[in-house]
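Colleague: Pasting in a structure now, in structure tokens, and then I'll have a few things to ask.
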Amino acid sequence: MNLFASEWIKARSVHSTWILAASAVVVTVMVSLLGVSGLMSEWQTALPSDFDPTGISFKGILVGQILLATLGSQAITSEYGSGQIISSLTIVPQRGALLASKLGVSALIASAVAVAAVMGSFGATQAALSAAGLPLAVLGEPDTVRAIVCAVVYLVLTAVLGLGFGIITRSASGALAIVVTVALLVPALAPGMPGIIGDVAGTYWPTTAGQASYAVAMTSGMPPLAGLGIMAIFTLWTTLAALLVLRSRDV
């Protein structure tokens, strides 16, 4: 418990923690709202057959996830950059305990940020749809609630991924490069990949599968909870790899 409190003090005393947290909320909401506004005139003419008033509320997550991952990575990369990691590992020789405490603090902060970002995006986009006279999501429906919860969990998982990549690379820029590749580059290239490779990458790639969990209209064929499960397993593997690196390299 004292170790968790120590990590919490470290996190809250760094200005970049709160700058990233606020930026993640604002950017996620704004990109979601801009994404809806840009297509509103087309939808008023003819709604697409797969129109999903819940899923479109979370377009900003594509950008917000990068900031959440950066928030997670800086919990450890800031210590590598300043050399404070030497003191941390000296005071806490149990690498697993140190990782668990950083993981807990990062997940706690990311959870608060994710809830604010997801609910802000949902509220703003639904208000825009209502003003345009377009169909709205029904908040009380199980699918809508599931999508909101999955969106929050997905964002928290991206923060944990950022922490894992930060440990593996020991670099904020290195962790960011991996996150951008995993979260944006591979999903963007998947449709152009040949044959079964493209089909697998476009459906079962961890971030792509995870993003399917917060949609109500299923377009990828991936069951929502199965998609989130793939993302969670990938995050677990990354965390275990980070622990292995922390134990074998940072001694």
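The values are calculated or read from the model by the stated rules, or taken from the named source; none is laboratory data. The structure presented is a predicted model; accordingly, all values stated were derived computationally and were not measured. Backbone-built Cβ (ideal geometry, glycine too); neighbour counts: all protein chains shown. What goes into the accessible areas is simple: the full protein's heavy atoms, side chains included, and nothing from ligands, DNA or RNA. Shrake-Rupley method; radii C 1.70, N 1.55, O 1.52, S 1.80 Å.
Colleague: Helix 95-131 versus the longest principal axis of the chain: what angle, 0 to 90°, nearest 10, using Cα atoms?
Modeller: Helix 95-131 sits at roughly 20 degrees to that axis.
Colleague: Moving on. Students often check this: by mean Cβ neighbours within 10 Å, which of 63-69, 157-163, 25-31, 123-129 ranks highest, and how do the rest follow?
Modeller: Ranked from most to least packed, the peptides come out as 157-163, 63-69, 25-31, 123-129.
Colleague: Let me ask something additional. In square nanometres, what is the average projected area of the Cα convex hull of the chain? Intermediate results must be reported in sequence, preceding the final value.
Modeller: Values: hull surface 57.1 nm².
Its average projected convex-hull area is 14.3 nm².
Colleague: Sticking with this structure for a sec: With only Lys, Arg, Asp and Glu charged, each at its Cβ (+1 for the first two, -1 for the last two), find how big the charge dipole of the chain is about the Cα centre; round to the nearest 20 debye.
Modeller: Working: 9 positive and 9 negative charges, 169 e Å.
Using Cβ point charges on Lys, Arg, Asp and Glu, the chain gives about 820 debye.
Colleague: Against the longest principal axis of the chain, how steep is helix 195-204, in degrees 0 to 90 to the nearest 10, with axes from Cα atoms?
Modeller: Approximately 80 degrees, to the nearest ten.
Colleague: Using the Cα centre of the chain as origin and beta-carbon charges of +1 (Lys, Arg) and -1 (Asp, Glu), tell me which of 161, 87, 66 is placed farthest towards the positive end of the dipole.
Modeller: 87
Colleague: Restricting to DSSP H runs of at least four residues, report the calculated mean residue ellipticity at 222 nm for the chain, -39500 (n - 2.57) per run over all residues, nearest 500 deg cm²/dmol.
Modeller: -26000 deg cm²/dmol
Colleague: Another question about this same structure. At 0.36 nm per residue, minus the direct Cα-Cα distance, what do residue 91 and residue 30 gain on full extension? Give it in nm, one decimal, please.
Modeller: Full extension from residue 91 to residue 30 adds 17.7 nm.
Colleague: Here is a follow-up. Given the options 173, 122, 132, identify the residue whose Cα lies farthest towards the positive end of the charge dipole of the range 54-204 (+1 on Cβ of Lys, Arg; -1 on Cβ of Asp, Glu).
Modeller: So the residue we want is 173.
Colleague: For 79, 141, give the ranking by accessible area with the largest first, probe 1.4 Å.
Modeller: Correct descending sequence by accessible area is 141, 79.
Colleague: Could you tell me how many degrees, from 0 to 90 and to the nearest 10, lie between the Cα long axis of helix 61-82 and the main elongation axis, the longest principal axis, of the Cα atoms of the chain?
Modeller: 10
Colleague: Separate question: Using a 1.4 angstrom probe on the protein heavy atoms only, line up 103, 236 by accessible area, largest first.
Modeller: 236, 103
Colleague: Can you tell which of 179, 36, 14 shows the greatest fluctuation in a Gaussian network model of the chain with Cα springs below 10 Å?
Modeller: Looking only at 179, 36, 14, the biggest GNM fluctuation is shown by 14.
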